[in-house]
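The values are calculated or read from the model by the stated rules, or taken from the named source; none is laboratory data. All values derive from a computational prediction rather than experimental measurement. Note that each Cβ is placed from the backbone with ideal geometry, even for glycine, and that neighbours are counted across all protein chains shown.
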């Protein structure tokens, strides 16, 4: 049975004395930078002056939301009992442990609070930002791959890979599956969908890109979880379902409900 060789890439890109710059952290920075420039481009395209005025401030809020929400999501969804026994380790993000679902929830809440306080159209703003998020997701999964973490289940397929922490058994490089589906493919879908000439007041109101993101990410994640090794401290929940699949199913349902609500709201506005 042939296998691929895991590339032994040092997770530390370079060091400056006691300061270590890691590939995983660099992926976060590149994701934030890509979002920054693509959101600014959309602001110019749409002449969205309200967001332009608050652009730098809302970026800061969203970055903080990603970090805090991602960490707390991991604590509560994936390792609650451990962190309740070791609460001083909760802020230690450098030791690993971030949850996409927690970050997603925090970004939506943080963005909504900021937009409400400053009287900005939240759904229009959210659509603009969400169209760029898959870039960061895809890069983050590449960072997971470099770290040799979040690897897949065992496989006898030709592209099975032996990961340093996964034993002497070939496994799915599920991080790369996720990078392609949740990153590249989802970005292409959202980025070009945002430019379709549908009438927003009819079938495609503001908030629809958010709804599409929630549904598509959820579906892709549910699929890839079939190849990804469940977190050892949780394992399977019931009937072979993982925590990732449970949370992603909630995302799909939320996306469908959101689209229905936004569509109904747009139809109601037409009758007034």
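Among the residues of the range 43-64, count how many are within 28 Å of residue 100 (Cα to Cα) and surrounded by 13 or more Cβ atoms within 10 Å (Cβ to Cβ). Show your work before the answer.
The first filter runs over the range 43-64 and keeps only residues within 28 Å of residue 100 (Cα to Cα), leaving 43, 51-52, 54-64.
Still in the list and also surrounded by 13 or more Cβ atoms within 10 Å (Cβ to Cβ): 43, 51-52, 54-55, 58-59, 61-64.
Counting residues in the range 43-64 that are within 28 Å of residue 100 (Cα to Cα) and surrounded by 13 or more Cβ atoms within 10 Å (Cβ to Cβ) gives 11.
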query = Would you pick out the residues in the range 5-31 that are within 16 Å of residue 148 (Cα to Cα) and part of a strand (DSSP E or B)?
reply = 12, 13, 22
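Return yes when residue 2 is outside any helix (DSSP H, G or I), surrounded by fewer than 16 Cβ atoms within 10 Å (Cβ to Cβ), modelled with pLDDT under 95 and at negative phi and no when it is not. Walk me through it before giving the result.
Values: outside any helix (DSSP H, G or I): yes; surrounded by fewer than 16 Cβ atoms within 10 Å (Cβ to Cβ): yes; modelled with pLDDT under 95: yes; at negative phi: yes.
It is true that residue 2 is outside any helix (DSSP H, G or I), surrounded by fewer than 16 Cβ atoms within 10 Å (Cβ to Cβ), modelled with pLDDT under 95 and at negative phi.
Regarding residue 37, is this residue outside any strand (DSSP E or B) and modelled with pLDDT of 90 or more? Lay out the reasoning, then the answer.
Details: outside any strand (DSSP E or B): yes; modelled with pLDDT of 90 or more: yes.
It is true that residue 37 is outside any strand (DSSP E or B) and modelled with pLDDT of 90 or more.
Filter the range 251-263 down to the residues that are in contact (Cβ under 8 Å) with a residue 60 or more places away in the chain and within 18 Å of the chain's Cα centre (by Cα) and list them by number. Please lay out each step first, then the result.
Taking the range 251-263 as the starting set, the residues that turn out to be in contact (Cβ under 8 Å) with a residue 60 or more places away in the chain are 251, 262-263.
The answer is 251, and nothing else.
Per-residue answers, yes or no, for (1) modelled with pLDDT of 95 or more; (2) under 25 Å from the mean Cα position of the chain (by Cα); (3) part of a loop (DSSP other than H, G, I, E, B); (4) surrounded by 13 or more Cβ atoms within 10 Å (Cβ to Cβ):
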| site | (1), (2), (3), (4) |
| --- | --- |
| 157 | no, no, yes, yes |
| 176 | yes, yes, no, yes |
| 188 | yes, yes, no, no |
| 196 | no, yes, yes, no |
| 199 | no, no, yes, no |
request  = Taking the options 74, 48, name whichever one is more than 15 Å from the chain's Cα centre (by Cα) and in contact (Cβ under 8 Å) with a residue 12 or more places away in the chain.
outcome  = 48
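Being under 19 Å from residue 184 (Cα atoms), part of a helix (DSSP H, G or I) and touching a helix residue (DSSP H, G or I) at 6+ places or on another chain (Cβ under 8 Å), is that true of even one residue in the range 110-119?
At the first step, the residues of the range 110-119 found to be under 19 Å from residue 184 (Cα atoms) are none.
Checked against the condition, which is being under 19 Å from residue 184 (Cα atoms), part of a helix (DSSP H, G or I) and touching a helix residue (DSSP H, G or I) at 6+ places or on another chain (Cβ under 8 Å), the range 110-119 yields no hits at all.
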remark   = Of (1) modelled with pLDDT under 95; (2) assigned to a helix (DSSP H, G or I), residue 168 fails just (2)
Among (1) within 30 Å of residue 124 (Cα to Cα); (2) free of Cβ contacts under 8 Å to residues at least 24 places away in the same chain, the one test that residue 167 misses = (1)
ask   = Regarding residue 97, is this residue crowded, with 18+ Cβ neighbours inside 10 Å and within 28 Å of residue 206 (Cβ to Cβ)?
value = no
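Of the residues that make up the range 63-71, is at least one in a helix (DSSP H, G or I) and more than 28 Å from residue 220 (Cβ to Cβ)?
No, the conditions are met nowhere in the range 63-71.
Can you tell which of 38, 60 is touching a helix residue (DSSP H, G or I) at 6+ places or on another chain (Cβ under 8 Å) and over 27 Å from residue 11 (Cβ atoms)? Give the steps one after another, and end with the answer.
Details: 60 fails: touching a helix residue (DSSP H, G or I) at 6+ places or on another chain (Cβ under 8 Å).
That would be 38, the only listed residue that is touching a helix residue (DSSP H, G or I) at 6+ places or on another chain (Cβ under 8 Å) and over 27 Å from residue 11 (Cβ atoms).
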note = Flagged pairs (Cβ under 8 angstrom, 6 or more apart or on separate chains; first in the range 217-245, surrounded by fewer than 17 Cβ atoms within 10 Å (Cβ to Cβ); second modelled with pLDDT under 95 and not in a loop (DSSP other than H, G, I, E, B)) are 231/78; 231/243; 233/78; 233/82; 234/78; 234/243; 237/243
